[in-house]
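Novice: Quick one: structure below, then a few questions.
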Amino acid sequence: MISVQEALNHVYNQAKPLAIEEVDLLQARGRVLAAAIVADRDFPPFHRATMDGIAIDAAAFEQGQREFPVEAIQPAGHPQLELQNANHCIEIMTGAMLPVGCNAVIRYEDIQLEDQVAYVQLDTVTAYQNIHLQGADEKEGQTLVNAGTKITPAIIAIAASVGLTQLSVYRLPRVAVCSTGDELVAITEKPQPHQIRQSNSYMLIAGLAQEGIIADRYHLPDEPAFMAEQMAELVKSYDVLLFSGAVSKGKFDFLPQVLQQLNMQTLFHSIAQKPGKPLLFGKFDNGVLVFGFPGNPVSTWICYQIYFRAWLYRSLNITLPTVQAAASKTLTFKPALTHHVLVKLINEDGRSTAIPVNTSTSGDMVNLMQAEGYLSLPAEQDTFEAGTLFDVQLF
Ligand code: AMP
Ligand code: MG
């Protein structure tokens with residue numbers, strides 16, 4: 001049995017840089033950018049009015065001019081005009097180009113307009129007031145978003161503003177989710193008294209979807225020959241196989257032996273942790289990775305969160321989302337195992353508190369719904385006072 005850290009090191013060793021692919025702009029949210037987004041022009045691209053009003057030459061105001069006859073109108077989206085007479089003004093709208101010969105914008109609120117003459121009701125006008133100067137935010141050629149960044153809606157907007165219809169992103173692995181167990185029936189079926197409906201694979205598929213991974217779903221009965229046959233096919237078509245169930249010590253937990261029969265190299269099987277002790281991790285010769293999660297829904301979910309996501313995020317070279325939170329009560333756990341505790345979080349005055357979610361049995365699926373993340377109590381210590389700070393990994 002190995003420690004959580006040793007297990008994580010095995011997982012990290014199998015992380016590998018993912019290939020690059022192009023995706024349509026609107027398919028890119030949540031993916032990791034593989035090439036920097038660069039400004040194709042200045043931001044903003046011209047001196048831009050930030051208020052509706054009039055554009056003038058501030059020097060005229062300086063020299064005592066207060067009444068400015070309106071020469072023309074400069075709306076947004078129209079080519080730049082030129083002020084013909086330095087003592088006149090041009091009406092201007094937010095988003096419009098500052099006309100040639102003008103260097104200040106005065107808001108409608110600060111003028112009175114009568115018979116095409118603007119009377120300025122200000123004591124001072126400063127050059128470039130109410131103007132967003134060309135290149136003030138970014139200069140042409142400057143990097144706007146670095147490669148390696150997870151793409152958010154704001155980044156989609158930046159990409160759109162530089163005219164990118166596609167983005168270079170890191171490829172995501174092809175994943176198969178495979179449940180096992182003769183007690184499981186399809187969710188469309190009415191279970192017999194000795195059966196339960198399949199739920200883990202739905203949970204895993206939904207979790208993967210949060211990462212942008214569209215996984216396929218399979219089910220294997222507790223029958224080694226059949227398992228081996230199916231698995232031999234899966235190994236040909238996916239990068240990662242996620243199994244739930246059949247990895248413990250039960251008479252019908254055939255997964256480890258079937259994988260071995262197919263020449264998978266077992267990297268570890270069982271970790272000093274609770275829940276999720278019998279977790280299995282291995283690798284086929286062609287590089288396909290296997291995570292065998294114990295079947296209890298809480299174990300499946302925790303192991304997926306800790307080990308699969310560690311592998312995925314390391315491969316994508318990004319960090320898992322965490323928040324520091326104080327334990328809401330004293331936590332005690334005696335056995336020399338790392339204890340993973342599901343928690344919900346409350347936020348008060350900028351401080352987070354982690355409240356353990358009661359999972360009396362590791363199969364307590366309904367309570368999973370409450371959990372927003374987990375924290376880990378290291379194996380070396382058995383009591384953690386209320387208020388102790390933990391890094392909580394968010395689901
Ligand atoms: P196992 O790891 O196969 O021994 O399964 C442990 C427990 O988890 C058993 O009570 C199973 O019925 C349950 N279980 C296993 N797989 C699933 C699944 N896909 N959905 C819901 N429960 C499951
Ligand atoms: Mg089973």
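The values are calculated or read from the model by the stated rules, or taken from the named source; none is laboratory data. Small disclaimer: the values here were computed from a predicted structure and weren't measured. Don't worry about glycine lacking a Cβ; one is built from the backbone with ideal geometry, like all the others, and counts go over all protein chains shown. Accessible surface is based on the protein model in full, side chains and every heavy atom, while ligands, DNA and RNA are left aside. Shrake-Rupley method; radii C 1.70, N 1.55, O 1.52, S 1.80 Å.
Novice: Hey, does the stretch 91-114 have a residue that's part of a loop (DSSP other than H, G, I, E, B), out of contact with any strand residue (DSSP E or B) (no Cβ under 7 Å at 6 or more places or on another chain) and open to solvent by 60 Å² or more (accessible area, probe 1.4 Å)?
Specialist: Within the stretch 91-114 (the criterion being part of a loop (DSSP other than H, G, I, E, B), out of contact with any strand residue (DSSP E or B) (no Cβ under 7 Å at 6 or more places or on another chain) and open to solvent by 60 Å² or more (accessible area, probe 1.4 Å)), the answer is no, since none of the residues qualifies.
Novice: Here's something else I'd like to know. Can you name every residue in the stretch 278-300 that is away from ligand 1 (no atom under 11 Å from the Cβ) and open to solvent by 20 Å² or more (accessible area, probe 1.4 Å)?
Specialist: 283, 285, 286
Novice: Out of 161, 179, I need the residue that is within 25 Å of residue 237 (Cβ to Cβ) and either among the polar types (S, T, N, Q) or assigned by TED's automatic domain parsing to the domain that holds residue 27 (or both). Which one?
Specialist: Going through 161, 179 in turn, just one is within 25 Å of residue 237 (Cβ to Cβ) and either among the polar types (S, T, N, Q) or assigned by TED's automatic domain parsing to the domain that holds residue 27 (or both): 179.
For (1) more than 9 Å from ligand 1 (Cβ to nearest atom); (2) surrounded by fewer than 19 Cβ atoms within 10 Å (Cβ to Cβ); (3) closer than 29 Å to residue 31 by Cα, each residue gets a yes or a no:
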| site | (1), (2), (3) |
| --- | --- |
| 167 | yes, no, yes |
| 196 | no, yes, no |
| 207 | yes, no, yes |
| 215 | yes, no, yes |
| 236 | yes, yes, yes |
| 257 | yes, yes, no |
| 266 | yes, yes, no |
| 271 | yes, no, no |
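Novice: Right, next: Identify all residues within the stretch 58-87 that are closer than 20 Å to residue 48 by Cα and either of a type in the set (D, E, K, R) or touching a Pro at 6+ places or on another chain (Cβ under 9 Å) (or both); write none if there are none.
Specialist: 71, 72, 74, 80, 81, 82, 83
Novice: Do we have residue 84 as in a loop (DSSP other than H, G, I, E, B), in contact with a strand residue (DSSP E or B) (Cβ under 9 Å, 6 or more places away or on another chain) and surrounded by 15 or more Cβ atoms within 10 Å (Cβ to Cβ) here?
Specialist: no
Novice: Among residues belonging to the stretch 221-251 that are within 14 Å of residue 293 (Cα to Cα) and among the β-branched types (Val, Ile, Thr), point out the one that is farthest from ligand 2 (Cβ to nearest atom).
Specialist: Filtering first and then ranking leaves 240.
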